[in-house]
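Remarks on the structure that follows.
The values are calculated or read from the model by the stated rules, or taken from the named source; none is laboratory data. Here the structure is a predicted model, which is why all the values come from computation and not from measurement. Here the Cβ positions follow ideal geometry from the backbone for every residue, glycine too, while neighbour counts run over all protein chains shown.
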C-alpha cells in the first residue's frame, strides 16, 4: 500500500467527529441547519471571532466548490464578475461552476510562483477599467476572490489583505476569501493573520472543513463589514442545493471542530508534518517552486527520482517548468530535467511517513 | 421531549453506516467518487437492477434538491422546461432551484388529493402544445418529473409509469422519477413496481438516502434507456457543486445500504410503522386526505385534538380543506372544523411511539 | 387580400419614423445609445413625465420579451422570483425567458376574465408567505409584474396601482409595469391614469413602441422611486444583448414618437378604431369576454360565423369557454356553441376596415 | 464636423434598405420572422451558399452580441464552454454575455498581432485536456469560436479553417464563426475563402448586417454539417429575446442585402477604401501592427501626430505597445513613443475622406 501525500482529504475524519455523530445519532432534531448543534457551532465561531451579537451571518454547506458558487452568486450583482488569480481554484479546478451561475471569473495577474495577487495590481486593473469612458462593454469587476492559504500553499498577511481591502473599498467591490485551507493558513506563522482580524478585512470567507479533518463541510462567514451581504442567504443556500435536510451532519462536525480548539490543533499537526518534510528536503538541497509555510510543498524533482518515489508514495504532478522559469529559480540550464510535484500533509499524516519518504529519497539519491 | 412524526430525517443514520465510516476511517483512498466503496456501491445497485455492464450510469450526490437540479439541468435542452404536478417537490419546496438553472417548471394538472399525474393528462397537454402552429412562444416541454412515493405518500404502479412512458416516447420527452422516498415506494405493496422495472420505464431516477436512513445522499441512476443521458454527467455534477472531495462519505453509505438489503429493510420498517398507525387511526374512524400505503399519512383532524396532541408529539400542518373538499371527502358540512396534518414514520420509528400516539388520541377523544 | 385584426404589429411603422431615419441616414453619430437622438428622446420623455434632472434612468431596447427579461434579471436579487397573473405575458408567451435568466415566475391569482391582479390578493399571498417560519424553501417573491393595458385589453387605474404599491412597499418588493401597450392604456379613458403618475406608482415600466407604431423598440423607465434600480443598467443591457451598436435606430424612433405627441396620437387612433368596432358589435348584441376600453376586443362568436369571417379577415382564436364560464357570462346553456376570438386595432387600422367587418357580420348573420 | 473612421456602424444604412422599408410599410404581414420577406431572404442566402433544400437553418436576429449569446447557449451542452482567442469579441467586448448564459469562455492562445488561433494550438489544448485522467474538474471545451474577419481585421483561409475543422471533429467540438464582418472577409482576397465553402467548414456562422450597411441585424446560419444544431432554434431565439414581433425589419433588410449582390458590393467598397488608406499610409512609411486586407487598419502612430489628427478625424486608441512588441515590429528602441490606433472604413466611407486624412497626415508630418 503506497502512502499518499496527494492531498489533505484522503482519509475520513477526525475521530472526535465520528464519536459525536454516534453519540447524538438517535436524537430527533430540526432539519435544514436549524438544529441545536449548528447553533452551538455558530456561537463558538462567533465567540472565537470576537463578533458582536447579530454582527455576522454564519452558514454551513457541504463542499468547497458548492460554497464558492453559492457565495459568489449570492453576493454579485447580476451583471458583474469576480476577479481572481489565474491560479485561483474558481478559475481552474471547479469546472466553470461560477460561470454556470452566470458570472465571469475575470483574470487578474498574479505571481506565477506564489499564486498571490496584490493590492497594486488590483488597483491598476480597477483604475484602468473605470478610466474607460464606456466600461459597460467589458465584464464588470464586482468582487475580488483569493484563497488563503493559496492553491500554492502560500499565505496572505493581515497587511496584504488590508491593502487589498483599501483598494476594494475605493472601487466598491466585495472581498471573498476562500478558506478551504484556512486552518493551516492561520496556524503557520504567529502574527501574520489572526482569525478575528478577518472581521474587518474581508466581506465573506469560508472555514474549510473537508481539508482539515471533517468528513465534509465548509462554514461560510459573512462579516457584514460594509454591506449586509449575508442577508437572505438561506434562500440562495437552499436554491443552489447547499442546504442539507440533515443539517446536523454539518452542525455536529463544526461544533466538534470548534470545541477545545480541535480545528486549529488539526491544522497545526498538518503544518508540523509539512515542516518536517520541508526541512528534510532542504537538507537534501531540493529546490522549491515557491516558499511555503503551510501543508503544501511544491518541489522540483528529476523525473527519474519521481518515478522511483511513485513506487511507494502517491503525490501529484503539478507542472513542467519552462527554461525561463528554471533560470529564474536559479537552476542553471543543464542536461538535468525537472518536474514540479506537490506534496501535501494533513491532520492524519504520520511522522513515520515523512521519515520513510526521506529515507527512500536517500536510497534513490545514492543509486 | 416530544416524539416526532414530523418527517423521516429527524434522526442521524442507520448504525451500520456509522460503523462502516469508523471501520474505514483511516484508509487513504481516492477522492471525488472514484474510490472503491463508491464503485462497490455502484456494482451492487447495478446487480440489483439487473443491468448489463456499462448499461447504466450511477452517481452519488449529497441532497435531494441538489440531485434534482443537477439531473434536470443536465438532461434538458437549453430552451426546454420540465413538467410537474403542482404538488411536485421541484414546484413547491425547492426555492426555485430548477429555475435558477435556467429552466421552467411547467405545471401539469394532477389529482389534488393524491398529487399524482397521469398519462392521459400528459398526452392532452403535449398534444395541445404541438397542435399550436407556433409553439415556440410557449415554454417547451422537455421532461416529465414525478416523485415516487409522491409528496402525498401515494404510489405509481408499473402500469401507470408505463403509460406515461409511452406518451413521453411519442413526444420525445425524458422521464425523471424523483426517488427521495423510493425505498418506501418499492416495498409498500408487492407487485406494484419492482426496482428492475425502472430500467425500462424511466430515463433517470434517484434512490433517496437521506429519507431512508443515510446521513445524507442520493444515488442518481441514468438508465440510458433511449438516449445516453448519463454521458458527461461528472462534469455537471462537479460544476453544480454536487461532487464531494471525500466521495467516500457517499460511497460508504450506499455500499452499506445496498449490502444485505439494508436499504429495503429500513424502508419496510418505516412502512410497517405507518401501517400500525394507519390501522389504529382507521379503527378510530379518522378520515384520510388520501389513501397511502407508504410512510406518510395525511389525516383530517379537529383543531382542538391537534393542539392537544402537539403537547406530546411533533407533526406538520399540511393544509386547511375547503368546504368543497370536505364534501368530496364525505364529511358533511357541519360545525366541526378540520385541518389536514401529516404524520411520517421512518427507519427509526419505534413501535411504542405509535402506541403512545394512539393512546393519547384516545385520552383526548374521551375528554 | 384579407384584412388583419390579428395584432397591432402587422404593419411597418408610422411614416414619420421612416422619414426621420432617411433624413438622418448619413450623419455619423455615436453608437450604443449614446447618440444625440437617443438623448433627445430621453429628454422628451423625462419632460413629459415631469421628472427632475437625474431622477429617472431611461434606456431603449429592441423588443418586449427582451425588455422584460433584461429588466427583471437586473432588478431581482439572485434568489428571488417575480409574481405575475397566470395570464401575464411573461408567464405564457415568452417561452420561459424569465426562467432562462434564473428566476421563477410565481403565479398570483388573477381575475380570469380581465387578467388583472389586485392589491388584496397580493397582500394575502405575501402575508401567508412571510407567516411561514421557514419561508426559504419556497420561491422568494421579489417583484410584482403586471401589464397595462393587460393581455386582455383591460386597464389599471391610478388607485388600483396605488393600492398595489402600498402592499409592495410594505413587503419591500419592486413593481414592474409592462407597458407594451401603454399608449392605448393611457389614452383610453381620461382621468384613469396619467403618464406622470407612474413616477410615484411603479419602480420600472416600459413604453412599448412595437405595438404603437414603431418598427421595433421599447423604452425602459426606472423611476428610482424607492431604490436606485436603474443603477448600472447599461451593463445588463449590454450583457443580455439588448444594446444596439446602431442605437440611433431606437433613438430616432423614440425621438419621433415623443415629438408632437405622435406616440399618444397613434394610440388614440387605435382606441378610436376599437371603439367603432366595439359599438358596432354591441349594436349586434355580441357578447364580450371582458369589457375593454383599449384596442383589444375579446368576443364570443359562433364557430360558423367565425369561419365565414375568416374568409375576409384575420384574427386570433383565443379560447373556448367552459360551460361554467358561459353561464357566468349570462349565456344560457343552449345548443349554441361559442368561441372567444381576439380583434385588435392599431395606429394603422382604417375606418373602412371596421365598416367592412361589420357589414360582413351582417351578411352572415342574415344567412 | 470631424470625419469618423471610428467604426463601420456610424451611419444609418444602405439607401436601398430604407427604400424597401418604405415601399412595404403598409403591407400587413406575419410576425416573428415568418413573413414573406424573411423567407425570401433565407432562400437567397441558401441559393448563394449552394445549399440543398432543408439542409441549413437560417434565422435573423438584431445584434451581434445577441447572436453570439443565443447561438452559443443553444449549441453548447449545459456543462461545456467555448474556446476563444483572448482577443475574441466574446472574450473582451460583450460584457460577459456568454457567461451570463452559464458558459465559460475558455482562453486559447492566439497570435498577439493578428488575433488568430490555429489548428495546432487547438489540437495541443484538446490533447492535453483529454490526456488528464480526471478532466471533469476543468472547464469542458465544447466549441471553438473565432471571428472572420477577426477583431484585428485579419482573415482565415479555407485551408486554415479546414485544419481547425479536422481538429474539432477529432475531439467532437462544434465550430462557430462570428461573421460580424463576414462581408469584408469574403471579398478581401479572391480564392482565400468562398461563401459556399462555409457549408462544409463550420457548424454555425453569422452574416453580419450591422457592420455592413444594415440598420441592424445578423443572419445566423446553421450548416447542420455534422449534427442538427439548428434544431428547435426558434425556441432559444424567442427565449433570449432575439425574435422580433416585426420580423419584417430583419427580413426586408436581408432580402435587400442579398438582392443584386448588395451585401458584397457594400463590403467591397469598404475594402477598397481601406486599400486606398493602407496604400497611402505605406507610402508614408507608417508601420502596421498587423497586416490586414479588410476594412480595419491598425497602425503605429506618434502620440503628437495622433492628437493633431484627432482635431479633424475620429478613430479609436487601441493599445500602447510594450518595448518588446516594438522591437518585434522592427521599431528600434528610441526616444520615439508609439500608440496603436484603429482606422475603420465602411460601405459609407467616401474617397475624399481618405484623401483628406492623408493630406492632414502630410501637413502634420511636415511641421
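Out of all the residues in the stretch B:310-318, is one or more closer than 25 Å to residue B:264 by Cα and in a loop (DSSP other than H, G, I, E, B)?
There is at least one residue in the stretch B:310-318 that is closer than 25 Å to residue B:264 by Cα and in a loop (DSSP other than H, G, I, E, B).
Assigned to a loop (DSSP other than H, G, I, E, B), surrounded by fewer than 23 Cβ atoms within 10 Å (Cβ to Cβ), modelled with pLDDT of 95 or more and away from chain B (no Cβ under 14 Å): does that describe residue A:53?
For residue A:53, the condition - assigned to a loop (DSSP other than H, G, I, E, B), surrounded by fewer than 23 Cβ atoms within 10 Å (Cβ to Cβ), modelled with pLDDT of 95 or more and away from chain B (no Cβ under 14 Å) - is not met.
Scan the stretch B:18-34 and tell me whether some residue there is within 8 Å of another protein chain (Cβ to nearest Cβ), surrounded by fewer than 24 Cβ atoms within 10 Å (Cβ to Cβ), more than 28 Å from residue B:146 (Cα to Cα) and touching a strand residue (DSSP E or B) at 6+ places or on another chain (Cβ under 6 Å).
Within the stretch B:18-34 (the criterion being within 8 Å of another protein chain (Cβ to nearest Cβ), surrounded by fewer than 24 Cβ atoms within 10 Å (Cβ to Cβ), more than 28 Å from residue B:146 (Cα to Cα) and touching a strand residue (DSSP E or B) at 6+ places or on another chain (Cβ under 6 Å)), the answer is yes, since at least one residue qualifies.
Let me spell it out: the conditions are (1) in contact with a strand residue (DSSP E or B) (Cβ under 7 Å, 6 or more places away or on another chain); (2) free of Cβ contacts under 8 Å to residues at least 60 places away in the same chain, and residue A:315 meets all of them except one. Which number is the exception?
Status for residue A:315: all satisfied but (2).
Exactly one of these conditions fails for residue D:31: (1) in contact (Cβ under 8 Å) with a residue 40 or more places away in the chain; (2) within 26 Å of the chain's Cα centre (by Cα). Give me its number.
(2)
Report yes if residue D:110 is touching a residue at least 24 places away in the same chain (Cβ under 8 Å), under 22 Å from residue D:201 (Cβ atoms) and surrounded by fewer than 19 Cβ atoms within 10 Å (Cβ to Cβ), otherwise no.
no
For the stretch D:63-91, what are the residues that are assigned to a loop (DSSP other than H, G, I, E, B), in contact with a strand residue (DSSP E or B) (Cβ under 8 Å, 6 or more places away or on another chain) and more than 12 Å from chain C (Cβ to nearest Cβ)?
Correct list: D:76, D:77, D:79, D:85, D:86, D:88.
Restricting to the stretch D:232-262, give me the number of residues that are within 9 Å of another protein chain (Cβ to nearest Cβ) and in a loop (DSSP other than H, G, I, E, B).
Final tally of qualifying residues: 8.
Can you confirm whether the stretch D:129-136 contains a residue that is touching a residue at least 24 places away in the same chain (Cβ under 8 Å) and either farther than 25 Å from residue D:243 by Cα or assigned to a helix (DSSP H, G or I) (or both)? Working first, answer last.
Of all residues in the stretch D:129-136, those touching a residue at least 24 places away in the same chain (Cβ under 8 Å) come to D:130.
Subsequent filtering for residues that are either farther than 25 Å from residue D:243 by Cα or assigned to a helix (DSSP H, G or I) (or both) retains D:130.
Yes, the conditions are met somewhere in the stretch D:129-136.
Return only the number of the condition from (1) part of a loop (DSSP other than H, G, I, E, B); (2) over 30 Å from residue A:91 (Cα atoms); (3) touching a strand residue (DSSP E or B) at 6+ places or on another chain (Cβ under 8 Å) that residue B:206 does not satisfy.
Result: residue B:206 fails condition (1) only.
Are any of the residues in the stretch B:249-263 surrounded by fewer than 21 Cβ atoms within 10 Å (Cβ to Cβ) and under 20 Å from the mean Cα position of the chain (by Cα)? Full working, then the answer.
Within the stretch B:249-263, the subset surrounded by fewer than 21 Cβ atoms within 10 Å (Cβ to Cβ) is B:259-262.
Okay, now just the ones that are also under 20 Å from the mean Cα position of the chain (by Cα), so B:261-262.
Looking for residues that are surrounded by fewer than 21 Cβ atoms within 10 Å (Cβ to Cβ) and under 20 Å from the mean Cα position of the chain (by Cα), one finds at least one in the stretch B:249-263, hence yes.
State which residue is farthest from the other protein chains (Cβ to nearest Cβ) when the search covers only the stretch A:137-156 and only residues that are more than 14 Å from residue A:182 (Cβ to Cβ) and in a loop (DSSP other than H, G, I, E, B).
Once the filter is applied, the top-ranked residue is A:152.
Starting from residues that are surrounded by fewer than 20 Cβ atoms within 10 Å (Cβ to Cβ) and in contact (Cβ under 8 Å) with a residue 40 or more places away in the chain, keep the ones in the stretch B:157-169 and report whichever is nearest to the other protein chains (Cβ to nearest Cβ).
Within the stretch B:157-169, the match that is nearest to the other protein chains (Cβ to nearest Cβ) is B:169.
Is it the case that residue C:249 is touching a residue at least 24 places away in the same chain (Cβ under 8 Å) and outside the structural domain of residue C:32 (by TED's automatic domain parsing)?
no
Could you say whether any residue in the stretch B:92-115 is more than 9 Å from chain C (Cβ to nearest Cβ), outside any loop (DSSP other than H, G, I, E, B) and more than 17 Å from the chain's Cα centre (by Cα)?
no
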